[in-house]
Every structure is written in structure tokens, then in C-alpha cells.
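Here the structure comes first, spelled out in C-alpha cells, and everything after it is commentary.
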Amino acid sequence: MEIRQLEPQVAAVKRVKTDAVDLPGVIDKGFPGLSGELSSKGVEVTGPPFVRYLQTGEQMEIELGIPIAADSSPATKSIVLPPGPAGVYLYVGTYDGLPAAWDLFRQWLQRQGYTQTGPFWESYVSDPRYTEPAERITELYVPVE
């Protein structure tokens, strides 16, 4: 766990509202469609996919996103992930362990005196198609002040 100074990052996104219980299926179905759209438009991907959580609870609103080259943004719906300080936690393990990892991370941020300033996200560094579940790498990001 550490605090990093992030640079702005343009990302192609698909915004989705879903029930919390349906979230894994929404993510599994949404990324192939977004990747296919970017590929068909020749958009350069510059980083791993992520899920940004805009609303949590029983009803969720998320953005499925993929970092892209800044000059690609007119080709697809895009956002800019915010620059500035962010807590970052490199988690290795199954996706089932992410809720506990988030709890541990939030406790660490609180002990360090940081306050969340915007939506948080998970960046899926390793491709689950080619990585064993226990070896999957996910970076957790929380913008802070």
C-alpha cells in the first residue's frame, strides 16, 4: 500500500447500472464488448481494464473502462481518470478476496489520515484468461487528500 501521484489517464468507458449480485456477470459480459468496439475502431489501448465504482450498495453504478491513447477519445465515449494523489494497493489473489482487500486498504488509508475524494476503481493487471485465480494481480485505487 502506498500513495502515488497519478497523471490524468484517458479511458474508454461503458457506464452500467446493476444489482450488486449481478455485478460479476455484468463485468464478464461488458469487457469483451468494450474491447471489441475499441479494436474495430483501431483505438490504441494503453493499460489494463478497470472497474470504477460510482455508486455502491445493493444498486450499483459502475464504469467499465480501458485506458486509451489521448488522441483516440473522439472515436469512443471516454473519461479522464483524475490526476493527483491516490492510495494504491497491489492485491494478489482471487477476485473473491477483493472485498476483504478493500476493507484492509480503507483501514490503512484511514490510519494514515487520508480521506477519499472521488470514485474508487480496480485495475485488472493480469488477464484472468491466462492467470491462475490465486496469482491474479489487481491494483486498487482511491483518490485521496
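The values are calculated or read from the model by the stated rules, or taken from the named source; none is laboratory data. Everything quoted here is computed from the prediction, not taken from an experiment. Cβ sites come from the backbone with ideal geometry, for glycine too, and all protein chains shown count toward neighbours. Heads up: the accessible areas ignore ligands, DNA and RNA and are worked out on the full protein's heavy atoms, side chains in. Shrake-Rupley method; radii C 1.70, N 1.55, O 1.52, S 1.80 Å.
What's the magnitude of the charge dipole for the chain around its Cα centre, counting Lys and Arg as +1 and Asp and Glu as -1 at the beta-carbon? Answer in Debye, nearest 20. Provide the component values of the computation, followed by the final result.
Values: 12 positive and 19 negative charges, 52 e Å.
Dipole of the chain, to the nearest 20 debye: 240 debye.
How big is the stretch 1-104 in terms of Cα radius of gyration and Dmax, in angstroms?
For the stretch 1-104, the Cα-based Rg and Dmax read 14.5, 40 Å.
Would you kindly give the portion of the calculated P(r) for the stretch 1-60 that falls above 18 Å, as a percent of all Cα pairs?
Numbers: 838 of 1770 pairs.
Summing the P(r) tail past 18 Å for the stretch 1-60 gives 47 percent.
Using only DSSP helix segments of four residues or longer, with each worth -39500 (n - 2.57), what per-residue ellipticity at 222 nm results for the chain after dividing by its residue count and rounding to 500? Could the numbers behind the result be given before it?
Values: 2 runs with 32 residues, N = 145.
Calculated mean residue ellipticity at 222 nm is -7500 deg cm²/dmol.
So if we plug the beta-carbon distance of S40 and I79 into 1/(1 + (r/R0)^6) with R0 = 25 Å, what FRET efficiency do we get, rounded to 0.05?
0.80
Determine, from the Cβ-Cβ distance of E135 and Q5 and an R0 of 35 Å, the FRET efficiency 1/(1 + (r/R0)^6), rounded to the nearest 0.05.
Plugging the Cβ-Cβ distance into 1/(1 + (r/R0)^6) gives 0.75.
Under 24 Å from the Cα of K17, which lysines turn up, not counting those fewer than eight places away in the same chain?
Output for K17: K29, K77.
Starting from the eigenvalues of the Cα gyration tensor, five times each then square-rooted, give me the equivalent ellipsoid semi-axes of the stretch 51-145, largest first, whole Å.
Over the Cα atoms of the stretch 51-145, the semi-axes work out to 22, 20, 13 Å.
Could you tell me what percent of the accessible area of the stretch 48-145 is made up of carbon and sulfur, with a 1.4 Å probe and every protein chain present?
Here carbon and sulfur together make up 52 percent of the probe-accessible area.
How much accessible area per residue does the stretch 34-125 have, in Å², with a 1.4 Å probe?
Computed with neighbouring chains in place, this is 50 Å² per residue.
Using only Cα atoms, locate the centre of the stretch 1-28 and the centre of the stretch 59-111, then give the distance between them in Å, rounded to an integer.
5 Å
To the nearest 0.05, what FRET efficiency results for L23 and D71 with a Förster distance of 30 Å applied to their C-beta separation?
Plugging the Cβ-Cβ distance into 1/(1 + (r/R0)^6) gives 0.40.
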